[in-house]
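Worksheet: one structure, shown below.
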Amino acid sequence: MAPKKLTFFETVMSFVDKAAKFTSYPQALIDQIKYCNSIYQFKFPVKHPDNTLEIVQAFRVEHSHHKMPVKGGIRYSEMVSEDEVKALAALMSYKCAIVDVPFGGAKGGVRIEPRKYTVDQLERVTRRYTAELVKKNFIGPGVDVPAPDYGTSAREMAWIADTYNALNPNQIDSIACVTGKPIAQGGVHGRTEATGRGVYFGIHRALSYADDMKKLKLTRGIEGKTVVVQGLGNVGYHAAKFLQEAGAVIVALAEYDGAIYDPRGLDVDAVQDHRVETGSIKNFPGAKNFAGTTDALEYKCDILVPAALEGQITSKNAPNIKAKIIGEAANGPITAPAEEILLQKGVMIIPDAFLNAGGVTVSYFEWLKNLSHVRFGRMSKRYEEASHQNLLAAFEKVTGKKLPAEMKDSLTHGADEIDLVNSGLEETMYNAYDEVRAIMKSHKGMQDLRTAAFVSAIDKIAVSYMQLGIFP
Ligand code: NAD
């Protein structure tokens, strides 16, 4: 009999079970960590332009309350299901723990294909969804803080903030009820590209260890590595762009309607412009077209970055994957049976729970900014610049030499919000990677980064639960 196909949530739980074997926590505690604490599913009507009504299904799942608020994106997709939202909520708890962001995990979803709705309808769906969350206390700066995910963006986050604010007048911190907002609505610089930038930092760190690369028969560093990216949305586009800027050769890009391939390397921005102009990445000058998106996953490359949706690499196509490193930019792109096949082939998998945590990390920075009601760098930038200038003036006086103006400018530059956000993100991703790698190296018999990442998460969540004790 063929083994039972695991659902997405069961897959995430199987990762926890695999990692839990390397810990000594009681099974009850592991179960408390594994299952979702609150599941809210509801339906509401949407009016179409011809006045007909459609009932849409929506969810918000809070996976773990060991830290408050809980946090996680909202997905608009026809494929949204309770199982998917539970899996994504659980991944958020582990993700936050791995990168030391002090939140529990949550996720939301509305089962609609956003491309089929007008902007006005999407606004009404978003506002109604928010109002339903308010009614049940599933949103608030100290309770549950959504963010963008697949199918949503800063635009929806602004509508959520406005709706929450309208229903909670005079709440001074209400703007912190959601992150990923436009800058003018309390967003933080660098949030839009944060997940893709975090993917880049994570891959960069992984490739910096010469001994790990030697095992994969690769040289250190990103320069010259061939890369395939599936999904040219927010995460995929930015990850591809930062990898390309660091010297990687983007040999293929895949979208839902097909893929393009050019062994000389594709210019990510030029492909994006072509997509905006023509509505598709296909027929990009100089590149070869492929009909299927999943074909691209099997192209020869050093690094494969699935950045679209879950369940893309299965036991069917895993044997054909030629990449030596898979950077999981999307959530859950590899099924559990596929993972076993890939690990046996010696593929290095940089797991989603670590690799795409850049978004929630910068969301955390946005939340902090909203609670402090001041832009990062506002109080310190000019002061820093003045102290650096004084230091340089003293240096020039003592040495009797003048520094070139360009060098002086770069040495005296005080940190802006974007500088601080990017530096905080880099620090977070590097630290977390080093921690996960050290766990993998220190446990006999542990061979993969995912298990190590889950051990890191279980340890931190378990300690939190144990210190909180049992109420009453
Ligand atoms: P998005 O909606 O901006 O982009 C997704 C892209 O994938 C779109 O361009 C879409 O056309 C494409 N796509 C859809 N189906 C595809 C298929 N079968 N093959 C190839 N391409 C396909 O979404 P996003 O925010 O970039 O999210 C992508 C993934 O990253 C999701 O798994 C999401 O959960 C995860 N993620 C996102 C964030 C974030 O900050 N946005 C953070 C963490 C994880």
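Can you tell me which of N370, N422, N390, N431 is in a helix (DSSP H, G or I), free of Cβ contacts under 8 Å to residues at least 24 places away in the same chain and not basic (K, R)?
On the way: N370 fails: free of Cβ contacts under 8 Å to residues at least 24 places away in the same chain; N422 fails: free of Cβ contacts under 8 Å to residues at least 24 places away in the same chain; N431 fails: free of Cβ contacts under 8 Å to residues at least 24 places away in the same chain.
Residue meeting the stated conditions: N390.
Filter region 141-166 down to the residues that are of a type outside the set (A, V, I, L, M), away from the ligand (no atom under 12 Å from the Cβ) and touching a residue at least 60 places away in the same chain (Cβ under 8 Å) and list them by number.
Hits for region 141-166 are P141, G142, D144.
Might you check whether a residue that is polar (S, T, N, Q) and either over 19 Å from the mean Cα position of the chain (by Cα) or assigned to a strand (DSSP E or B) (or both) occurs anywhere in region 255-275? Talk me through it step by step, then tell me what you get.
The first filter runs over region 255-275 and keeps only residues polar (S, T, N, Q), leaving 272.
Imposing the further condition that a residue be either over 19 Å from the mean Cα position of the chain (by Cα) or assigned to a strand (DSSP E or B) (or both) reduces the set to 272.
Yes - at least one qualifying residue is present in region 255-275.
Every residue in region 397-419 that is among the charged types (D, E, K, R) and touching a residue at least 40 places away in the same chain (Cβ under 8 Å), please. Step through it out loud before you land on a result.
Taking region 397-419 first, the residues among the charged types (D, E, K, R) are 397, 401-402, 406, 408-409, 416-417, 419.
Selection gives D416, E417, D419.
Identify, from the list T335, T361, the residue that is within 20 Å of the chain's Cα centre (by Cα), among the polar types (S, T, N, Q), farther than 30 Å from V421 by Cβ and crowded, with 16+ Cβ neighbours inside 10 Å.
Sole residue among the options that is within 20 Å of the chain's Cα centre (by Cα), among the polar types (S, T, N, Q), farther than 30 Å from V421 by Cβ and crowded, with 16+ Cβ neighbours inside 10 Å: T335.
Yes/no per residue for (1) within 30 Å of P141 (Cβ to Cβ); (2) buried (at least 17 other Cβ atoms within 10 Å of the Cβ):
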site: A20; (1), (2): no, yes
site: I39; (1), (2): yes, no
site: L53; (1), (2): no, no
site: A58; (1), (2): yes, yes
site: K71; (1), (2): yes, yes
site: Y76; (1), (2): yes, yes
site: A89; (1), (2): yes, yes
site: A97; (1), (2): yes, yes
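Any residue that is of a type in the set (V, I, T) and either surrounded by fewer than 12 Cβ atoms within 10 Å (Cβ to Cβ) or within 30 Å of D83 (Cβ to Cβ) (or both) - is there at least one of those in region 384-401? Let's see the steps before the verdict.
Narrowing region 384-401 to residues of a type in the set (V, I, T): 398-399.
Still in the running and either surrounded by fewer than 12 Cβ atoms within 10 Å (Cβ to Cβ) or within 30 Å of D83 (Cβ to Cβ) (or both): 398-399.
Scanning region 384-401 turns up at least one residue that is of a type in the set (V, I, T) and either surrounded by fewer than 12 Cβ atoms within 10 Å (Cβ to Cβ) or within 30 Å of D83 (Cβ to Cβ) (or both).
Could you pull out the residue among Q272, Q230, Q244 that is touching a helix residue (DSSP H, G or I) at 6+ places or on another chain (Cβ under 7 Å) and more than 26 Å from R75 (Cα to Cα)? Show your work before the answer.
Details: Q272 fails: more than 26 Å from R75 (Cα to Cα); Q230 fails: more than 26 Å from R75 (Cα to Cα).
On inspection, the qualifying residue turns out to be Q244.
Write out, first by first residue and then by second, each pair whose Cβ atoms fall under 6 Å of each other, whose residues are 6+ apart or on separate chains, and whose first residue, in region 238-263, is under 18 Å from L297 (Cα atoms) while the second is in a strand (DSSP E or B) and basic (K, R).
Y261/K288
Among the numbered criteria (1) under 22 Å from A90 (Cα atoms); (2) out of contact with any Ser or Thr (no Cβ under 9 Å at 6 or more places or on another chain), which single criterion is violated by V125?
(1)
Exactly one condition in (1) out of contact with any strand residue (DSSP E or B) (no Cβ under 7 Å at 6 or more places or on another chain); (2) part of a helix (DSSP H, G or I); (3) in contact (Cβ under 8 Å) with a residue 60 or more places away in the chain is not met by R191; state its number.
So R191 meets the others, but not (2).
Sort through A240, A252 and tell me the only one that's more than 22 Å from D419 (Cβ to Cβ), outside any helix (DSSP H, G or I) and not charged (D, E, K, R).
Numbers: A240 fails: outside any helix (DSSP H, G or I).
From the options A240, A252, the qualifying one is A252.
When only residues in region 126-159 that are surrounded by fewer than 24 Cβ atoms within 10 Å (Cβ to Cβ) and among the β-branched types (V, I, T) count, which is nearest to R115 (Cα to Cα)? So that I can check it myself, show each step before the final result.
Initial filter on region 126-159 (surrounded by fewer than 24 Cβ atoms within 10 Å (Cβ to Cβ)): 126-128, 131-132, 134-138, 140-143, 150-151, 153-155, 158-159.
In the following step, the residues that additionally are among the β-branched types (V, I, T) were identified as 126, 134, 143.
Values: T126: 14, V134: 26, V143: 31 Å.
My answer is T126.
Assess whether V85 counts as being part of a helix (DSSP H, G or I), surrounded by 24 or more Cβ atoms within 10 Å (Cβ to Cβ) and among the β-branched types (V, I, T).
yes
Here's the yes/no breakdown for (1) among the β-branched types (V, I, T); (2) part of a loop (DSSP other than H, G, I, E, B); (3) out of contact with any Cys (no Cβ under 7 Å at 6 or more places or on another chain); (4) within 16 Å of the ligand (Cβ to nearest atom):
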| position | (1), (2), (3), (4) |
| --- | --- |
| K300 | no, yes, yes, no |
| I326 | yes, no, yes, yes |
| A329 | no, yes, yes, yes |
| P337 | no, no, yes, no |
| L343 | no, no, yes, no |
| A353 | no, no, yes, yes |
| S363 | no, no, yes, yes |
| R378 | no, yes, yes, no |
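Tell me yes or no: at least one residue of region 223-233 is out of contact with any strand residue (DSSP E or B) (no Cβ under 6 Å at 6 or more places or on another chain) and near the ligand (Cβ under 10 Å from one of its atoms). Lay out the reasoning, then the answer.
Going through region 223-233, the residues out of contact with any strand residue (DSSP E or B) (no Cβ under 6 Å at 6 or more places or on another chain) turn out to be 223-224, 231, 233.
Okay, now just the ones that are also near the ligand (Cβ under 10 Å from one of its atoms), so 231, 233.
The answer is yes; a qualifying residue exists.
Filter region 199-226 down to the residues that are in contact (Cβ under 8 Å) with a residue 60 or more places away in the chain, assigned to a helix (DSSP H, G or I) and surrounded by 13 or more Cβ atoms within 10 Å (Cβ to Cβ) and list them by number.
V199, F201, G202, I203, R205, A206, D212, listed by residue number.
Which one of these is under 22 Å from Y433 (Cβ atoms), within 15 Å of the ligand (Cβ to nearest atom) and among the hydroxyl-bearing types (S, T, Y): T219, T195?
Values: T219 fails: within 15 Å of the ligand (Cβ to nearest atom).
The unique qualifying residue is T195.
I'm trying to understand the selection: among the residues of region 302-324, which are more than 10 Å from the ligand (Cβ to nearest atom), part of a loop (DSSP other than H, G, I, E, B) and touching a strand residue (DSSP E or B) at 6+ places or on another chain (Cβ under 6 Å)? Working first, answer last.
Within region 302-324, the first condition is being more than 10 Å from the ligand (Cβ to nearest atom), and the residues that meet it are 302-305, 313-324.
Now restrict to residues that are part of a loop (DSSP other than H, G, I, E, B): 302, 314-317, 321-324.
Within region 302-324, D302, A323 meet the criteria.
Tell me, please, whether a residue that is crowded, with 16+ Cβ neighbours inside 10 Å, touching a residue at least 12 places away in the same chain (Cβ under 8 Å), more than 26 Å from V362 (Cα to Cα) and touching a Ser or Thr at 6+ places or on another chain (Cβ under 9 Å) can be found in region 26-34.
Let us first name the residues in region 26-34 that are crowded, with 16+ Cβ neighbours inside 10 Å, namely 29-30, 32-34.
Right, trim to touching a residue at least 12 places away in the same chain (Cβ under 8 Å) and you get 29-30, 32-34.
Then keep just the ones that are more than 26 Å from V362 (Cα to Cα); that gives 29-30, 32.
Still in the list and also touching a Ser or Thr at 6+ places or on another chain (Cβ under 9 Å): 30, 32.
Yes - at least one qualifying residue is present in region 26-34.
Yes or no: region 337-347 includes at least one residue that is farther than 21 Å from Q447 by Cα and polar (S, T, N, Q).
Step one: filter region 337-347 for residues farther than 21 Å from Q447 by Cα, giving none.
No, every residue in region 337-347 fails to be farther than 21 Å from Q447 by Cα and polar (S, T, N, Q).
Within region 144-157, how many residues turn out to be part of a helix (DSSP H, G or I) and within 26 Å of S64 (Cα to Cα)?
We begin by selecting, within region 144-157, every residue part of a helix (DSSP H, G or I); these are 154-157.
Subset that is within 26 Å of S64 (Cα to Cα): 154, 156-157.
Of the residues in that region, 3 qualify.
P45 passes all but one of (1) crowded, with 24+ Cβ neighbours inside 10 Å; (2) more than 23 Å from A357 (Cα to Cα); which number fails?
Among (1) crowded, with 24+ Cβ neighbours inside 10 Å; (2) more than 23 Å from A357 (Cα to Cα), P45 violates only (1).
Each value in this text was obtained by applying a stated rule to the coordinates, not by laboratory testing. Predicted model only: the values in this text are computed from it and were never measured. Neighbour counts run over all protein chains shown; Cβ positions are idealised from the backbone, glycine included.
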